[in-house]
Amino acid sequence: MHNAKDIYAERTLDFIERIQRLRSYDEICTHILKEMEWFGFSCVTSLSVPRAGQTLKDCLWMNNRPQDYIDRYSEKNYILHDPIVTEFRQTIYPYAWSDIRAKRDLKKTEKAIIDEAREWGARDGFMVPIVTRSGSMSGFCPCGFEPDLSPRARAALEVIAIYSHHALMRAVLQVRREEPCIHPHPTGTRDHAVGCGWQN
């Protein structure tokens, strides 16, 4: 519990001011992670829903989830049953993982996916859907063991998520313009990609 009366508003505005001055992809990632840690989050995923001709790697702006978790998620094809993803397809409003548990009667496979994430330090998370005027969808989702998901924190997180997502996109797209075959890796490093594509 944070005691300062308006600490959430103060931190949000300070964060926006600082991130607006940053141009380096790695610096932006570091800044976002530091801010998310204050809220109790340890990992962040920021992505856009791929359009025709795009792959998920083309639209993954940041993801520092543990590699062994990512590998398992992919191998088990969890995306087909993940209730966090299912909710993302059905709503444009922010939600916590715990909200889904509370309002839906989850199947055994769905519960198992959420529960398994705890083994990698993610007991709860907060998904912020980001919608453009064209109707394209993106999502910013931090997660952690015991994050602050109070109403005031959620309001701050939605604003921070939107600014973070766009800052990441700008940094990645700028590098692509300047160095077409060198892309920032979505975990915060730069890779020389074969054929100008994303690398794991």
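Would you mind calculating the gained length between Glu119 and Tyr163 on full extension (0.36 nm times residue separation, minus the Cα-Cα distance), in nm to one decimal? Walk me through the numbers before you get to the answer.
Details: separation 44, 0.36 × 44 = 15.84 nm, distance 2.97 nm.
Gain on extension, Glu119 to Tyr163, equals 12.9 nm.
Dipole of the chain computed with +1 at Lys/Arg Cβ and -1 at Asp/Glu Cβ about the Cα centre; of Val44, Cys143, Pro83, farthest Cα towards the positive end is Pro83. In this simple spin-label model, placing a label point 7 Å from the Cα along the Cα-to-Cβ direction at both Ser136 and Asp14 gives a separation of 3.4 nm.
Which ordering of Trp61, Trp38 is given by a fewest-first count of other beta-carbon atoms within 10 Å? Fewest-to-most ranking of Trp61, Trp38: Trp38, Trp61. Count the lysine pairs in the chain that are 8 or more places apart or on different chains: how many have C-alpha atoms under 19 angstrom apart? Lysine pair count for the chain: 5.
Taking the Cα centre of the chain as the origin, how large is its charge dipole in debye, to the nearest 20, when only Lys and Arg (+1) and Asp and Glu (-1) carry charge on their Cβ atoms? Don't skip to the end; give the middle numbers.
Numbers: 27 positive and 27 negative charges, 102 e Å.
That gives the chain a dipole magnitude of about 500 debye.
Taking every DSSP helix (H) stretch of at least 4 residues in the chain, weighting each as -39,500 (n - 2.57) and dividing the sum by the residue count yields a mean residue ellipticity at 222 nm of -14000 deg cm²/dmol. Here the spin labels are modelled as points 7 Å beyond Cα on the Cα-Cβ line, and at Ala112 and Arg152 they lie 4.1 nm apart. The ranking of Phe88, Phe39 from fewest to most other beta carbons within 10 Å of each one's beta carbon is Phe88, Phe39. Given a 10 angstrom Cα cut-off, can you work out which residue in Gly121, Gly53, Gly40 is the most mobile in a GNM of the chain? Evaluated over the chain, the most mobile residue of the options is Gly53.
Taking a ≥ b ≥ c as the square roots of the eigenvalues of the alpha-carbon gyration tensor, the chain is classed oblate because a/c is 1.5 or more while a/b is no larger than b/c. The relative contact order of the chain, computed from alpha carbon pairs under 8 Å that lie at least 6 residues apart in sequence, is 27 percent.
Length gain on complete extension for the stretch Arg104 to Glu178, per 0.36 nm per residue less the alpha carbon to alpha carbon distance? Walk me through the intermediate numbers first.
On the way: separation 74, 0.36 × 74 = 26.64 nm, distance 4.65 nm.
That pair, Arg104 and Glu178, stretches by 22.0 nm at full extension.
Arrange the following residues from fewest to most other Cβ atoms within 10 Å of their Cβ: Tyr25, Tyr78. Taking fewest neighbouring Cβ atoms as first place, the list is Tyr78, Tyr25. Between Ile32, Ile160, Ile92, the residue with the greatest mean-square fluctuation in the GNM of the chain (Cα pairs under 10 Å linked by springs) is Ile92. For the chain, modelled as a GNM whose springs connect Cα atoms under 10 angstrom apart, the maximal fluctuation among Gln174, Gln90, Gln67 occurs at Gln90.
No value in this document is a laboratory result; all are computed from the given coordinates. Just so it is clear, the structure is predicted and the values come from calculations on it, not from any experiment. Note: ideal-geometry Cβ built from the backbone for every residue, glycine included; neighbour counts use all protein chains shown.
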